[in-house]
Amino acid sequence: MDPETRGQEIIKVTPLQQMLASCTGAILTSVIVTPLDVVKIRLQAQNNPLPKGKCFVYSNGLMDHLCVCEEGGNKLWYKKPGNFQGTLDAFFKIIRNEGIKSLWSGLPPTLVMAVPATVIYFTCYDQLSALLRSKLGENETCIPIVAGIVARFGAVTVISPLELIRTKMQSKKFSYVELHRFVSKKVSEDGWISLWRGWAPTVLRDVPFSVSMPLHMSTWIIMKNIVAKNGFSGLFSGLIPRLIKIAPACAIMISTYEFGKAFFQKQNVRRQQY
């Protein structure tokens with residue numbers, strides 16, 4: 001075994017380095033995948049105009065966000081007019097008529113949540129996995145499940161207040177002063193715990209373990225109605241565009257994260273050698 005390989009086994013990547021690697025992956029994923037969702041929303045808005053109060057799902061490749069339409073006519077990025085014949089046509093026309101920056105419309109607000117959530121999850125997962133392996137052994141099969149559940153709990157808990165604030169900002173235009181007043185008033189009236197309202201259903205949605213709870217009756221009824229109307233294929237409507245977006249997003253995020261960790265590990269080995 002050469003010295004560098006032996007050093008890599010001893011020297012671990014620090015939590016800060018894991019955070020930097022996951023942050024890089026989150027930003028890169030968002031930058032690459034967001035244009036796909038912007039084009040999708042513009043195509044949807046073209047066929048079905050989005051009135052005030054109507055919601056649509058915006059995804060930056062890492063998280064899905066439920067956004068509420070505002071007033072503003074054609075000034076808002078998701079309401080701008082366009083005569084698009086398809087996905088590629090929309091890409092080229094948006095770039096030609098509005099500039100390439102329009103493909104990343106709405107990205108900054110979602111990064112405020114997506115980046116910290118991703119950083120917390122990946123860092124906690126690796127740290128917990130390493131801790132559990134040191135206690136239970138390398139071959140314990142339950143380690144990934146336990147680490148994933150606890151890491152998701154942590155990410156959801158930290159992000160819940162940001163989700164509340166983001167939703168409030170989308171429902172109405174708030175200045176930072178007004179937003180501060182809103183948060184202060186909510187805390188004074190309902191306590192700090194009010195900032196985590198909605199935490200439980202978010203956990204049930206995001207924690208992988210939750211997939212083994214029985215389906216709620218209303219969900220089962222909706223599924224039965226879809227099958228009755230459109231057949232079993234109706235349950236998979238939208239699967240292809242979803243895979244086109246999610247598959248590369250996962251590949252970019254995970255590969256960037258692992259590459260970042262490998263890079264920092266090599267740097268740590270070199271520092272020890274010199």
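The values are calculated or read from the model by the stated rules, or taken from the named source; none is laboratory data. On a predicted model such as this, the values are computed, not experimentally measured, just so you know. Note that we place each Cβ from the backbone using ideal geometry, even for glycine, and neighbour counts take in every protein chain shown. These area figures cover heavy atoms from the full protein model, side chains too; ligands, DNA and RNA do not enter into them. Shrake-Rupley method; radii C 1.70, N 1.55, O 1.52, S 1.80 Å.
Details
- Search result, residues across the range 133-152 that are open to solvent by less than 40 Å² (accessible area, probe 1.4 Å) and in a helix (DSSP H, G or I): Ile143, Ala147, Gly148, Ile149, Ala151
- Within the range 87-111, the set of residues being at positive phi and either without any contact (Cβ under 8 Å) to a residue 60 or more places away in the chain or out of contact with any strand residue (DSSP E or B) (no Cβ under 8 Å at 6 or more places or on another chain) (or both) comprises just one member, Gly99.
- Residue, farthest from Asn47 (Cα to Cα), within the range 82-96, restricted to residues that are open to solvent by 100 Å² or more (accessible area, probe 1.4 Å) and not polar (S, T, N, Q): Arg96
Yes/no matrix, rows are residues, columns are (1) modelled with pLDDT of 85 or more; (2) within 24 Å of Thr14 (Cα to Cα):
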position	(1), (2)
Lys40	no, no
Asn47	no, no
Val68	no, no
Lys79	no, no
Thr87	no, no
Gly99	yes, no
Lys135	yes, yes
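- Cross-chain or 6+ apart pairs with Cβ under 9 Å, the range 254-268 first and surrounded by 14 or more Cβ atoms within 10 Å (Cβ to Cβ) and modelled with pLDDT under 90, then among the hydroxyl-bearing types (Ser, Thr, Tyr) and not in a helix (DSSP H, G or I): Asn268/Thr14
- Index of the failed condition, Val68 passing every other in (1) within 30 Å of Val156 (Cβ to Cβ); (2) in contact with a Leu (Cβ under 8 Å, 6 or more places away or on another chain); (3) hydrophobic (A, V, I, L, M, F, W, C); (4) surrounded by fewer than 18 Cβ atoms within 10 Å (Cβ to Cβ): (2)
- Evaluation of Ala251 against (1) within 26 Å of Ile27 (Cβ to Cβ); (2) loosely packed, with under 13 Cβ neighbours inside 10 Å; (3) at pLDDT below 85 (one fails), failing number: (3)
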